[in-house]
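The values are calculated or read from the model by the stated rules, or taken from the named source; none is laboratory data. Bear in mind the structure is a predicted one, so any value in this text is a computation, not a measurement. Don't worry about glycine lacking a Cβ; one is built from the backbone with ideal geometry, like all the others, and counts go over all protein chains shown. The protein model used for the area step is the full one, side chains on, heavy atoms only, and it has no ligands, DNA or RNA in it. Shrake-Rupley method; radii C 1.70, N 1.55, O 1.52, S 1.80 Å.
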Amino acid sequence: MGFTRRAAMIGAIAATTAILPNWAVAQSNFPTKPITLIVPAAAGGPTDTVARLIAESMTKTLGQTVIVENVGGAGGTIGMGRVAKSAPDGYTIAVWHIAHATAPALYENLKYNVVQDFDHLGRITDVPMTLVSKESLPTKNLKELLHWIRTDKEKVTYGHAGIGSAAHLCMLILMNDLRVQLKGISYRGTGPAMNDLLGGQFDIMCDQTTNTTNQIKDGKIKGYAVTTKTKVNSVPNLPPLNTELKGFEVSAWHAMWAPKGLPKDVSAKLVAALQAALKDPKVVERFASLGTEPVDPKQVTPDALRTHLSIEVQRWGDVIKRAGVKGN
Ligand code: MLT
């Protein structure tokens with residue numbers, strides 16, 4: 001190649017580079033520095049547990065550290081708001097759950113569009129929930145617990161992870177079915193809520209098996225029921241709630257998102273690393289022991305998550321409007 005032609009090419013590349021934002025340059029080596037994975041809930045809770053397992057596995061696949069940062073509050077909308085505004089370069093991603101789908105119906109002043117302002121990388125889990133109580137509650141089984149809730153409703157307290165959180169949604173449905181209004185105590189995640197339940201500071205909680213399985217097995221809290229149609233392997237002694245409350249069914253799911261506009265190669269690398277994480281024996285084994293079901297890696301795609309999210313936004317939007325609940 002002659003000098004003039006090469007100089008012209010270099011000039012053209014330099015000109016293109018000059019008008020591109022930083023995040024669009026040099027993507028082919030992605031990732032060249034640590035990735036921040038935002039968890040929009042407190043440390044120690046179910047989302048945090050799922051995210052840290054995935055982050056550890058993705059770190060191995062991508063050759064760069066995936067660092068979890070907990071940004072809890074306002075039902076996860078603070079953390080997801082931060083992700084929506086970040087540069088779409090692959091260095092800021094999020095693991096969040098069903099609350100991403102409930103946010104539009106709950107938060108009138110939401111500053112982002114949950115579908116359009118994100119790149120949807122893939123769904124990670126489906127998670128059953130469990131109805132649990134502090135260990136000192138005298139009720140011995142689901143029937144007795146529901147009877148106590150109905151009769152002592154004035155004094156029953158429940159913990160949740162903010163308006164629209166999975167724990168809150170589950171309790172909304174339960175209260176609706178039992179025709180009671182109980183006093184809710186809000187936390188930045190069910191990690192800290194679980195600490196207070198262990199300390200006996202409130203009575204009951206509906207939380208993901210990821211956070212409750214070990215505590216139930218160790219006898220530190222009481223488990224009464226699972227919220228799925230059928231029993232769950234990690235807590236085989238718990239009956240489905242629908243044995244007492246016909247049609248009761250709710251479960252959580254987690255997924256991975258990034259700000260809208262990732263370069264295609266970056267998105268492909270993140271999706272491939274997420275799919276690999278869901279086949280990682282350590283992740284598979286830990287998820288199984290916590291009753292946390294991994295999504296079939298073949299279904300872990302941006303399109304599948306986008307479709308799933310859109311359906312969930314509609315489904316929960318209707319439930320929330322009927323219940324008349326507001327987040328702000
Ligand atoms: C919830 O109920 O939304 C979750 O448990 C949040 C969390 O991961 O702490």
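Here is how the numbers come out for the structure above:
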quantity: Along the chain, longest interval not containing exposed GluC sites (Glu not before Pro), exposed being DSSP loop plus at most 11 other Cβ atoms within 10 Å; calculated: 155-328
quantity: Pairwise label distance in nanometres, ARG150 with ASP196, each label 7 Å out on the Cα-Cβ vector; calculated: 2.8
quantity: For VAL68, distant residues with modelled amide H under 5 Å away; calculated: LEU37
quantity: Between the stretch 252-276 and the stretch 46-67, the alpha-carbon center distance in angstrom; calculated: 13
quantity: Rounded to the nearest 20 debye, dipole of the stretch 31-127 from Cβ charges on Lys, Arg, Asp, Glu; calculated: 160
quantity: The stretch 170-240, relative contact order in percent, only Cα pairs under 8 angstrom and at least six apart counted; calculated: 20
quantity: Computed accessible area, VAL180, all protein chains, 1.4 angstrom probe, square angstrom; calculated: 10
quantity: Two-site FRET efficiency, SER186 against SER136, from Cβ-Cβ distance with R₀ of 30 Å, rounded to 0.05; calculated: 0.85
quantity: Equivalent ellipsoid semi-axes, the stretch 213-328, via Cα gyration tensor eigenvalues times 5, rooted, Å; calculated: 30, 23, 12
quantity: Sulfur and carbon atoms: percent of accessible area, the chain [1.4 Å]; calculated: 53
quantity: Taking all pairs of distinct alpha-carbon atoms in the stretch 128-243, Kirkwood radius in angstrom; calculated: 13.8
quantity: Per residue value of the accessible surface for the stretch 128-243 (all protein chains in place, 1.4 Å probe), Å²; calculated: 42
quantity: Selection from VAL295, PRO88, ALA55 lying farthest towards where the dipole of the chain points positive, charges on Cβ; calculated: PRO88
quantity: Descending semi-axes in whole angstrom, ellipsoid equivalent of the chain, from the Cα gyration tensor; calculated: 42, 20, 16
